[in-house]
Each structure stands twice: as C-alpha cells, then as structure tokens.
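Chemist: Just dropping this structure here.
The values are calculated or read from the model by the stated rules, or taken from the named source; none is laboratory data. Just so you know, these numbers come straight off a predicted model, no measurement behind them. All Cβ positions, even for glycine, are placed from backbone atoms using ideal geometry, and neighbour counts span all protein chains on display. To get the accessible areas, we keep the full protein, side chains included, count just its heavy atoms, and leave off ligands, DNA and RNA. Shrake-Rupley method; radii C 1.70, N 1.55, O 1.52, S 1.80 Å.
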Amino acid sequence: MSSVAVKKGLGASVWEYLTTVDHKKIAHLYLGTGGFFFLLGGIEALFIRIQLMKPNNNFVNEQLFNEIMTMHGTTMIFLAAMPILFAFMNAVVPIQIGARDVAFPFLNALGFWLFFFGGMFLNLSWFLGGAPDAGWTSYASLSLRSEGHGIDFYTLGLQISGFGTLISGINFLATIINMRAPGMSFMRMPLFTWTTFIASALILLAFPPLTIGVFLLMFDRLFGSNFFDVTMGGNTIIWEHFFWIFGHPEVYILVLPAFGIFSEIIPTFSRKRLFGYSSMVFATVLIGFLGFMVWAHHMFTTGLGNVANAIFAIATMAIAVPTGIKIFNWLLTMWGGSIKITVPMLYALGFIPSFVIGGVTGVMQAVAPLDYQLHDTYFIVAHFHYVIIGGVVFGILAATHFYWPKMFGTKLSEKMGYVTFTLFFIGFHCTFFIQHFLGLMGMPRRVATFLPGQGLELGNLISSIGAMLMAVAVIILLFNVVITSIRNKKVGADPWEDGRTMEWAIASPPPFYNFKQTPLVRGLDTWWLEKMEGKKELTPAEPLGDIHMPNNSIIPFFISLGLFVAAFGAMYNPLNSVGDGKSWGLPVLIIGLGITFGSMLIRSLRDDFGYHIHKEDLLEDDKGGKVG
Amino acid sequence: MENEQVKNPNLRAHHDYRRKKSAKEMQVQVITFALMIFLTIVAFIAVGIGDFSVKFIIPFILLLAVIQVGFQLYYFMHASQKGHELPMFFMYSAVIIAFVTVLAFVTIIWW
Ligand code: HEM
Ligand SMILES: [Cu+2]
C-alpha cells in the first residue's frame, strides 16, 4: 500500500518516485526536472550574453554559438517553461476542483516520463557530436542542410516529449470536464483551472501540427524523403506554416496558465473577489480561439502577398482586445482592495507593466509593413522576452513562492524572495529594454558577434550586465530553496491566511487521497465562503467511506524508455542523410519499439483494479496516526 | 422485474415510452444507413461514368463527404442529445480551426 509520512530509505523513495501515479508527486517530478532544464537554459543564455558583451568577441565560435542559441530557445520553451507550468497544474488543479486525482493517473505518469526522456535525448546531443543549430524554429531550408546529427536530436527528442505533452493535455481536459466535485459548475471554477482547461485544449489542437511537421522533417533527414526539399519538388515554406500553426498557440499555452496564476494571486492578496470573473473566462476562451488564426504574422516577410498579410495583421491585432480586458480586470481587482505585499504579489505587480510593454511591441510587429523593418532584428528578441519572461517566468516565480507551502509544507523565505524579485526585475528590464533600440538600429537576431564602431557596443554591454543580475537573482532563489528545506519549518493548511480556493482548505502538503470526503462547492472562491461563515472545514458532499486509489506502476517509465532507445536506432539507421548509418541502427529501433509496445501490452493484459483505503484507516488518520 | 413493470403504472409508461423511442431511433438509423450507402454509390458512379470534369467531381465528392460526416455525428454518435454539448463544442472548434488552416494552405501556398 502507498504511504506518506513513514520514513523511508533513499532507494525506497527513488522507487516511489519512479512508479508514482499521484498527481502531487508527479508535480514534484515536473518541478525538479523543469527546474533543472531552466538552469541549463539559463547557463546557455549567460554564454550567449558573454559572447555578445563586446564586439568581435570569441568566447565561443560561430558554430558553437548557433548550437547554444538553439538549445537555449528549445530548452526554455519545451523543457523548462511548459513542464514547470505542468508542475503547478498537477499540484493545484485537481485539488481546486475537489478531485482526488486526475482522470487518468497512469497517463499522467506516462506524460511526465515521455517528457523526461525526450528532454534527456535532446540534451545528449551535446555529448554525441553537436547540438541542433538551426534555431528553435528549425526552418527546413536551414535544418535540412545542417551537418551532423544535431537536427535529428531535435526532431526525435521533440517527438517523444511532444507525445508526453499531448497526453498530459488530454488528461487535464478529461479531468476538468469529469472530475469536478458536486456544485463545481464551470462558472464556479477558479481561474487557474479555467486557463489550464483552455491551455490543454490548445495543446490538443496545436501539438498535432508540430508532430506532423517534425515527423516529415525527420523523414527527410533520416529516411530519404523530400517533403521540404525544393530541389526535389518539395516545399520548404510548408514547414514554416506547420511550425507556426503550432508555434503561435504554443505562446498562449505558456502564457494562459501564467494568467491563471496571477488571477489567483491578485484576488488573494487584494483580499477581494476577482473583478469581472465571467469576462475573464470569456477573454480566455476568445484568446484560445484567435490564437489559431494568426500564425502567419511570423511569416509576413516570406512573401504571402498583401491580402494574406493584411488578414493576419488584423487578426493579430484583435487578440489585443481580450488581453486588454484581462489587464483591466486585474487592475480593478486591486482597486479598492486591501492589498498585502508578499513576494507572489510583487511578481504580479511587476508582471502587469512588463507584459503590457510586450503586448504593445506585439501589436507593433503585427503591422505588416513595419514588421519588414523589425523582422529578425533584436526588436523581436526584446518583444518575446517581454512576454515570455514578463509574463510566463514571472508567473512561474510567483507560483513557486505561492504554491511552495502547498507542495512541500514549508514556506520560502520572504526576505530572500524580495531580494530575488528586485534583482530579477531590474536585471530583466536592463537586459531587454535596450534590445528594442539595438533592433531599431539594425542589429540582426541570431548573430554570433557584431562589429565595433556601429553604435552597438554600449547597448550590448548593458544587456549583458542585466543578464548577470538575473543570474544572481536565480542563485539567491536556489539558496532560498535549500535553506528552506533544511530548516524544514512546517506550515498549516492556509499559510497565506487569505486563501480563497479549495487547495487552501486541506493540509500542506495534502494527504495522498486529498479529500477524506468529497467537498460540496457552494460558490466561487469556495474556501473563502466557508471561512466567512466561520467554518473550519469544507462542507462534505458525501458520508465518510472507503476511498478507491490507483496502484503505482513502473510501466510508464518503460514505455518511455523504449522510445528513447528506439530514437537512437532511428538516428543511426543506414539510410540517414548524414551518412554515418550503423548496421545496429535498425535492430535497436526495433528493440526500442518492442520495449514500448511490450510494456503497453502488459498494461493491457494485466488487470489492475487499484486498492481501497478503508474508512477505519481514515478515522485513524484523524487521530494523528497515518494511513500507510 | 417484468411483473413489477406491469403492476407499477409509472414504470410501465416509462417502459412504453422508451420502447417507442428506441423503435423510432432504430428506424431513423436504418434510413440514414441506407442513405449513406446510396451516397457512397453515387460517389463511385460520378467517377466511374467518366463524363464529368475533375473540377466538378472533386467538390461534389467533398460535399457528399461532408453530408456523410453529418449523418455519422448526428444519427450514429447522437451529437444532438443532451450531455453532448461539450464534445460538440470541441468538435466544432477543431473543425473551424482545421478549416481555416486548410483554407490558408490552399490559398497562399498552393495556388
Ligand atoms: C503572450 C505571449 C506571447 C509570447 C510568448 C510570444 C512569443 C513570441 C516569439 C517567441 C516570437 C519570435 C518569433 C520568431 O522566431 O521570429 C514572437 C514574434 C512575434 N509576436 Fe509574439 N508572443 C506573445 C504575444 C504576442 C502578442 C500579444 C502579439 C500581438 C498582439 C504578438 C505578435 C508577434 C508578432 C507579430 C511576431 C513576429 C515578428 C517577426 O517574426 O518578425 N505576440 N512572439
Ligand atoms: Cu505568434
């Protein structure tokens, strides 16, 4: 049987994490792995900024620069930002809707392990002959000509981790549709749940184009097909379309959950109900829809024609409307509230102006004629870092402080949090604000160096100094995490005291079954309502009874491991375009797929009914004993 | 069970209602099925005759396909019944997005 508080050896804990299907433990796994990749991507970013600190620098050579730049982008988007957001979704969403777990706990674990092995595969490229070097967009005209196996690591790694993302997205859709507690109607769902829901729908619709595009690219490079090769009758522009049909929704997959996080934090610390709840929901849905109608704004300069450019420009500008609605709702939530400044709230306050700057430059880029000037310059780099860091990373850092107590039972130091925030905020604006002007002065993006005497020195130096400040901020955050874990001072269920949603009504960290009795939801901000009526607990919706729980399983690990092995086989198959095919390529591919499908077969043939926690044990748990 | 239904007028009415409804549904399904087979034959004939130009046949077959999808969704997958609103919302969202994508490809890449 599963257990919580029982002290265990290292081996047993490792085994527990390898086999867990508990959404709270999977959240830890996502946070740990995503955090690791975030640091890796951060180090790569530092290398980029060191190289560009002064003109004609040769800290790294051009080839290595391209690889670092590519891996920075790819790692940050696919292996850091998305998994960390999945960590918070896993930790919080099931509890926010009053569920004991996600709809498919087994698939939840599978999603994580696919991401894990995909990310590992991609990063092994550093040790196996060079990383991908064609940018995170990997445009086919460039990537088909790339030497070595870098791009193959990209296509295979992203396919594996992409399956994981798709599976997790579908899982959250099923969870939010089916597992809501009695009374939790759609219009009573907390906003983080809503944004998770819409982001999952975007994953469902956006990842297939990516998978197809990457699959075709893989075939072009590894198995001799010619989908994107113009000299053989292919069409290289189609890759760009596939990529951006996925790519633009992807930016909303990232930013919507961050919006959700801020929509939880701002009412909590304004101690006031979220202003304009239904318009927030409406704006989220609308952004989700429009997100699919604008992808070609990344391709204005490819020669789509004036009519197409005009249509996509207008559609892009239209997204500013629902986004604006959200900004005003946050401001009006704070208006007249009794605001308490905490670290998460500080990030929220920093987020609003930063994100607005990114939104404004976004609308500027949406003006197609102007984009002919801005395209592929540092202006673009400034824009997307304002939305990604000012929106997504601020959201992640805010959530780290906000949900840390719920995930680990301890509270990160607020004092160190203030220092991190201050350094990070200053460093961020220092790094990227100046880049708008570098771009306007004509500095192209993705260049390994620049020449002296063109007025670009000072701007680049300032930018690099800013990056150092951000690095110091992150180191302090790490230190904070370590100190907090060593001190190990436990906190109660509602450590911020003003929690509004159901996750704050149960212990920190929650017992593995979450709710002893499924709660009854009597309105928006369920826990706040109960507290205002002087209640100490949620109103239960059912009598105390046995709880059905799923068993742990190692099978997700093996399904993913099989694909990891198969990827090596595919890469070194005799047909590959690099020409270093090995005779063992095909057998390894087959063995890998064998492991995957064999594991699936075992899962299908063996009945696994889970187990029950008995009522008596739950009562025992009340008296201080632990179920185990 | 059988007895209980006969005795309890309420249950009986319910039972009768269900039977009538299923019978009606069955009838509709058979008709739709026949129609679908008919449409498939029409598609084959349109190509087989060889007299129509390609410009006519392709849109025509596509139209038949759309009708078939509608039949499938509404008569066999019960899309219009209660409790199916959310799946249908997702279905239509996906259809709209897929349509926009294909439209864009057709207009700005291939022609
Ligand atoms: C909300 C989160 C957003 C994220 C994460 C994001 C991210 C990005 C990224 C990564 C690029 C670089 C594309 C490249 O490689 O060239 C980009 C470009 C662009 N973004 Fe955003 N963006 C966001 C919001 C917006 C908004 C709100 C707008 C407009 C209203 C917008 C308009 C554009 C345009 C037009 C480009 C293309 C510029 C070019 O390639 O020349 N973005 N964005
Ligand atoms: Cu975009």
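Chemist: Filter segment A:214-233 down to residues that are within 13 Å of residue A:140 (Cβ to Cβ), in contact with a helix residue (DSSP H, G or I) (Cβ under 7 Å, 6 or more places away or on another chain) and aliphatic (A, V, I, L, M) and give me whichever is modelled with the lowest pLDDT.
Modeler: Ranking the candidates gives A:230 first.
Chemist: So for segment B:52-68 (the condition being in a helix (DSSP H, G or I) and farther than 28 Å from residue B:106 by Cβ), does at least one residue qualify?
Modeler: no
Chemist: Name every residue in segment B:15-51 that is surrounded by 12 or more Cβ atoms within 10 Å (Cβ to Cβ) and either among the aromatic types (Phe, Trp, Tyr) or not in a helix (DSSP H, G or I) (or both), in order of residue number.
Modeler: Answer for segment B:15-51, where residues must be surrounded by 12 or more Cβ atoms within 10 Å (Cβ to Cβ) and either among the aromatic types (Phe, Trp, Tyr) or not in a helix (DSSP H, G or I) (or both): just B:33.
Chemist: Would you pick out the residues in segment A:516-562 that are open to solvent by less than 30 Å² (accessible area, probe 1.4 Å) and farther than 18 Å from residue A:185 by Cβ?
Modeler: A:545, A:547, A:549, A:553, A:555, A:556, A:559, A:560, A:562
Chemist: Now a separate question. Run residue A:233 past the list (1) open to solvent by 30 Å² or more (accessible area, probe 1.4 Å); (2) within 27 Å of residue A:495 (Cα to Cα); (3) of a type outside the set (A, V, I, L, M) and report the number of the one that doesn't hold.
Modeler: (2)
Chemist: Restricting to segment A:180-193, give me the number of residues that are away from chain B (no Cβ under 11 Å) and open to solvent by 40 Å² or more (accessible area, probe 1.4 Å).
Modeler: Result for segment A:180-193: 5.
Chemist: Answer yes or no as to whether residue B:104 is assigned to a helix (DSSP H, G or I), out of contact with any Leu (no Cβ under 7 Å at 6 or more places or on another chain) and open to solvent by less than 80 Å² (accessible area, probe 1.4 Å).
Modeler: yes
Chemist: Okay, next question. List pairs: first in segment A:417-444 and within 16 Å of residue A:463 (Cβ to Cβ), second of a type in the set (Asp, Glu), Cβ under 7 Å, 6+ apart or cross-chain?
Modeler: Matching pairs, first to second residue: A:444/A:376.
Chemist: Which ones in segment A:362-379 are within 16 Å of ligand 2 (Cβ to nearest atom) and crowded, with 20+ Cβ neighbours inside 10 Å?
Modeler: A:362, A:365, A:366, A:368, A:371, A:374, A:379
Chemist: List pairs: first in segment A:87-101 and open to solvent by 10 Å² or more (accessible area, probe 1.4 Å), second acidic (Asp, Glu), Cβ under 8 Å, 6+ apart or cross-chain?
Modeler: What qualifies is A:101/A:22.
Chemist: Sticking with this one: Can you pull out every residue in segment B:82-97 that is within 11 Å of chain A (Cβ to nearest Cβ) and open to solvent by less than 50 Å² (accessible area, probe 1.4 Å)?
Modeler: B:86, B:90, B:93, B:94, B:97
Residues checked against (1) open to solvent by 40 Å² or more (accessible area, probe 1.4 Å); (2) aliphatic (A, V, I, L, M):
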| site | (1), (2) |
| --- | --- |
| A:572 | no, no |
| A:577 | yes, no |
| A:590 | yes, yes |
| A:601 | yes, yes |
| A:613 | no, yes |
| A:616 | yes, no |
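Chemist: Next up: Going by the structure shown, is residue B:71 assigned by TED's automatic domain parsing to the domain that holds residue B:24 and either open to solvent by 80 Å² or more (accessible area, probe 1.4 Å) or not aliphatic (A, V, I, L, M) (or both)?
Modeler: yes
Chemist: Only residues that are within 29 Å of the chain's Cα centre (by Cα) and either within 14 Å of residue A:221 (Cβ to Cβ) or not polar (S, T, N, Q) (or both): list them for segment A:570-604, please.
Modeler: Matches in segment A:570-604: A:570, A:571, A:592, A:593, A:595, A:597, A:600, A:603.
Chemist: Hey, another quick one. May I ask you to say which residue of A:63, A:51 is buried (at least 16 other Cβ atoms within 10 Å of the Cβ), in the same structural domain as residue A:206 (by TED's automatic domain parsing) and touching a residue at least 40 places away in the same chain (Cβ under 8 Å)?
Modeler: Unique residue meeting the criteria: A:51.
Chemist: How many residues are open to solvent by 10 Å² or more (accessible area, probe 1.4 Å) and on the phi < 0 side of the Ramachandran plot when one looks only at segment A:116-136?
Modeler: Counting residues in segment A:116-136 that are open to solvent by 10 Å² or more (accessible area, probe 1.4 Å) and on the phi < 0 side of the Ramachandran plot gives 10.
Chemist: Output yes when any residue across segment A:194-213 is at pLDDT 95 or above, closer than 28 Å to residue A:525 by Cα, within 14 Å of another protein chain (Cβ to nearest Cβ) and part of a loop (DSSP other than H, G, I, E, B), and no when none is.
Modeler: Within segment A:194-213 (the criterion being at pLDDT 95 or above, closer than 28 Å to residue A:525 by Cα, within 14 Å of another protein chain (Cβ to nearest Cβ) and part of a loop (DSSP other than H, G, I, E, B)), the answer is no, since none of the residues qualifies.
Chemist: In the list A:161, A:168, which residue meets the criterion of being more than 16 Å from ligand 1 (Cβ to nearest atom), closer than 30 Å to residue A:499 by Cα, among the hydroxyl-bearing types (Ser, Thr, Tyr) and within 21 Å of the chain's Cα centre (by Cα)?
Modeler: That would be A:168, the only listed residue that is more than 16 Å from ligand 1 (Cβ to nearest atom), closer than 30 Å to residue A:499 by Cα, among the hydroxyl-bearing types (Ser, Thr, Tyr) and within 21 Å of the chain's Cα centre (by Cα).
Chemist: For the condition within 30 Å of residue A:290 (Cα to Cα) and either free of Cβ contacts under 8 Å to residues at least 24 places away in the same chain or more than 14 Å from every other protein chain (Cβ to nearest Cβ) (or both), what is the one hit in B:43, B:34, B:79?
Modeler: B:79
Chemist: Now for a different question. Here are some conditions: (1) closer than 24 Å to residue A:207 by Cβ; (2) within 11 Å of another protein chain (Cβ to nearest Cβ). Residue B:69 meets all but one. Which one does it not meet?
Modeler: Every condition holds for residue B:69 apart from (2).
Chemist: While we're here: Step by step: first the residues of segment A:338-382, then only those that are outside any helix (DSSP H, G or I) and near ligand 1 (Cβ under 10 Å from one of its atoms), then the one that is farthest from residue A:427 (Cα to Cα). Which residue is that?
Modeler: Here the answer is A:367.
Residues are listed down the side, and each one gets a yes or a no for (1) under 28 Å from residue A:396 (Cα atoms); (2) open to solvent by less than 20 Å² (accessible area, probe 1.4 Å); (3) of a type in the set (Asp, Glu); (4) within 13 Å of ligand 2 (Cβ to nearest atom):
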| position | (1), (2), (3), (4) |
| --- | --- |
| A:218 | no, yes, no, no |
| A:224 | no, no, no, no |
| A:238 | no, no, no, no |
| A:241 | no, yes, no, yes |
| A:248 | yes, yes, no, yes |
| A:257 | yes, yes, no, no |
| A:262 | yes, yes, no, no |
